[in-house]
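**Student:** Structure incoming, see below.
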Amino acid sequence: MATGVVYLIPNIISQNTQTEVISAQVQDAIKATDIFLVEDLRTARRYVSSLQLGLTIENLDFRILDKKTTFEQCFEIAQLALEGKNLGVISESGCPGVADPGARLVHMAQQLGVTCKPLVGPSSILMALMASGFNGQSFAFHGYLPIDRKARQQKIRELEKESREKDQTQIFMDTPYRNEPLLMDILKVARPDSFLCIARDITGEKELIKTKPVAKWNAREIELKKIPTIFLLYAN
């Protein structure tokens, strides 16, 4: 029996952008998938349905793979690929395996010798870096910064120092409803001559990717509330 494949299936990062950012290769992989591993059943089904691939959603096998999924459970899931099943990992947004619980399944599949096939799709992290003008040869993604304001400000100082010492782009984010407090903290503690790029609603109707020195940013001039945003800091 032939071993199955783990398809890493990208999702849209802004609503109603399927026709612009989801390729035919991704659509073919979805058609070839036997079992879908997703964070949320409802949104995953809606996404696959929106692609209009002629599939009957009710007949498809969707299973939960989220931050609560253990390595032991990932081992059991990966075994299905050894039995010939094609697995499809779909993130809630963007590319699976990057700042995403799907990485655990991929790690396990790799240990079992299962082919893991990444598919091209929108990645807010890389797209923000591409358009920032910052160092693309040395960069680090830090995910979410601390919720506590004092700890968050300290983290920003540390990232700025590391950027300056290593000539490294620092990339981070927060939940959309905390974007504005995060921006205020950056403008408060970062050096005026450090550069800040704000990448808002990438691929969406409100997309804006702009780089300026910290001293030239005004928090009131940009709307970030409840809008997915990536922040990039570069101190040279």
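**Student:** Looking at Pro118, Pro96 in this structure, which one is open to solvent by less than 30 Å² (accessible area, probe 1.4 Å), touching a residue at least 40 places away in the same chain (Cβ under 8 Å) and more than 24 Å from Leu233 (Cβ to Cβ)? It would help to see each step written out before you state the result.
**Tutor:** Working: Pro118 fails: open to solvent by less than 30 Å² (accessible area, probe 1.4 Å).
Answer to the selection: Pro96.
**Student:** Identify all residues within region 77-108 that are under 14 Å from Thr33 (Cβ atoms) and either acidic (Asp, Glu) or assigned to a helix (DSSP H, G or I) (or both); write none if there are none. Explain how you work it out, then say what you get.
**Tutor:** Narrowing region 77-108 to residues under 14 Å from Thr33 (Cβ atoms): 77, 80-81, 84-90, 96, 102, 105.
Residues satisfying the conditions are Ile77, Leu80, Ala81, Gly102, Leu105.
**Student:** Within region 177-186, is there a residue that is of a type outside the set (S, T, N, Q), more than 26 Å from Gly121 (Cα to Cα), crowded, with 17+ Cβ neighbours inside 10 Å and over 24 Å from the mean Cα position of the chain (by Cα)?
**Tutor:** The answer is no, given that none of the residues of region 177-186 is of a type outside the set (S, T, N, Q), more than 26 Å from Gly121 (Cα to Cα), crowded, with 17+ Cβ neighbours inside 10 Å and over 24 Å from the mean Cα position of the chain (by Cα).
**Student:** Which pairs turn up if I take residues in region 20-48 that are more than 11 Å from Gly88 (Cβ to Cβ) and look for partners that are among the β-branched types (Val, Ile, Thr) and in a helix (DSSP H, G or I) with beta carbon separation below 8 Å, at least 6 apart in sequence or on another chain?
**Tutor:** Arg45/Ile57
**Student:** Can you report the number of residues in region 1-47 which are part of a loop (DSSP other than H, G, I, E, B), open to solvent by less than 10 Å² (accessible area, probe 1.4 Å) and among the small types (Gly, Ala, Ser)?
**Tutor:** 1
**Student:** Among the listed residues Asp61, Asp66, identify the single one that is closer than 17 Å to Tyr47 by Cβ, in contact (Cβ under 8 Å) with a residue 24 or more places away in the chain, more than 15 Å from the chain's Cα centre (by Cα) and loosely packed, with under 15 Cβ neighbours inside 10 Å.
**Tutor:** Details: Asp66 fails: more than 15 Å from the chain's Cα centre (by Cα).
Only one candidate passes the filter, namely Asp61.
**Student:** What's the number of the condition Gly143 fails, among (1) in a strand (DSSP E or B); (2) surrounded by fewer than 15 Cβ atoms within 10 Å (Cβ to Cβ); (3) of a type outside the set (Lys, Arg); (4) modelled with pLDDT of 95 or more?
**Tutor:** Condition not satisfied by Gly143: (4).
**Student:** Being part of a helix (DSSP H, G or I) and either acidic (Asp, Glu) or in contact with a helix residue (DSSP H, G or I) (Cβ under 7 Å, 6 or more places away or on another chain) (or both) narrows it down to one residue among Met127, Met184; which is it?
**Tutor:** Testing whether each residue is part of a helix (DSSP H, G or I) and either acidic (Asp, Glu) or in contact with a helix residue (DSSP H, G or I) (Cβ under 7 Å, 6 or more places away or on another chain) (or both) leaves just Met184.
The values are calculated or read from the model by the stated rules, or taken from the named source; none is laboratory data. Bear in mind the structure is a predicted one, so any value in this text is a computation, not a measurement. Don't worry about glycine lacking a Cβ; one is built from the backbone with ideal geometry, like all the others, and counts go over all protein chains shown. Surface accessibility is based on the protein's heavy atoms, side chains included, excluding ligands, DNA and RNA. Shrake-Rupley method; radii C 1.70, N 1.55, O 1.52, S 1.80 Å.
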